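Encoded as structure tokens, the structure appears first; notes follow it.
The values are calculated or read from the model by the stated rules, or taken from the named source; none is laboratory data. Model, not experiment: these values are computed from the prediction. Areas reflect the complete protein model, heavy atoms only, side chains present, ligands, DNA and RNA absent. Shrake-Rupley method; radii C 1.70, N 1.55, O 1.52, S 1.80 Å.
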Amino acid sequence: MEYFWNVLAAASVTLEMAAGSLLAAIALGLSGAWAKLCGGRWLAAVAGAYTTLVRGVPDLVLMLLFFYGVPALVQLALDESGSDAGFDVSPLGAGLATLGLIFGGYLTETFRGAILAIPKGQIEAACAFGLGRLRIAWRIVLPQMARLALPGFTNTWLVLVKSTALVSVLGLEDIMFRAKNAAQATRQPFTFFLLTAAVYLSITTVSMLALRWLERRGAHDTRRAPSDPAGRAA
């Protein structure tokens with residue numbers, strides 16, 4: 001039972017990794033979508049290269065490059081400059097940065113597609129009423145983008161949760177790392193890996209239910225918009 005609870009306790013590390021990576025991915029996704037749509041030729045080219053790279057290279061390769069390669073390059077630069085300082089990246093930091101970078105590329109395309117699906121007439125009408133860019137983005141673009149992007153966002157989140165298992169190869173004591181150790185110590189791999197699968201399935205199931213509720217709520221609010229007594233769109 002000690003191994004059992006030890007494995008379950010590591011679920012909090014997995015959730016921390018997933019939530020932190022998601023926040024980084026959202027920030028990068030919004031920045032990448034803006035760069036592709038409004039950032040000019042050079043920023044659009046940089047965003048395009050970014051999404052091509054992270055979607056074309058395996059997640060594990062990028063994670064190992066970041067965990068082993070980046071510290072080695074920084075340390076080499078420090079040594080060349082005559083500094084005695086050392087540089088290292090923790091497994092948690094490497095996992096957060098790499099997963100955020102990877103799934104930020106996917107969310108870039110999700111957000112970009114959602115923004116392109118917004119009828120241009122709404123933005124033109126807002127401009128005609130004299131609304132500024134920030135107000136248009138906050139009151140018109142972002143709410144509709146969030147609703148339209150929700151199905152793709154849901155899929156990205158579910159894949160991200162499962163991808164956190166890769167960070168165990170860096171030595172992070174998440175649920176996958178502890179399950180592997182427990183399986184080796186007790187020689188019961190089926191028991192502990194099945195437990196790990198059940199935890200991941202529980203997380204993804206609860207996530208799907210919550211996000212589907214949000215999707216239905218958004219669709220319900222959209223259907224109610226034309227009946228607004230003031231005659232305004234929601």
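Side notes on the structure shown:
- Helix 175-186 and the longest principal axis of the Cα set of the chain meet at an angle near 30°.
- Residue among Gly100, Gly39, Gly29 with the largest mean-square fluctuation in a Gaussian network model of the chain, springs linking Cα atoms under 10 Å: Gly39
- Computed over protein heavy atoms with a 1.4 Å probe, the accessible surface of the stretch 75-136 works out to 58 Å² per residue.
- Carbon + sulfur, % of accessible area of the stretch 108-179 - ligands and nucleic acids excluded, 1.4 Å: 63 percent
- From helices alone, the chain scores -25500 deg cm²/dmol at 222 nm; the rule is -39500 (n - 2.57) for each run of n ≥ 4 DSSP H residues, then divide by the residue total.
- The stretch 53-84-the stretch 19-50 distance, computed between alpha-carbon centres (Å): 22 Å
- Listed by chain and number, the aspartates and glutamates placed with their C-alpha closer than 20 angstrom to that of Lys180 are Glu2, Glu16; residues fewer than eight positions away on the same chain are left out.
- Whole-Å semi-axes of the ellipsoid equivalent to the stretch 1-97 (Cα gyration tensor, √5λ, descending): 30, 24, 12
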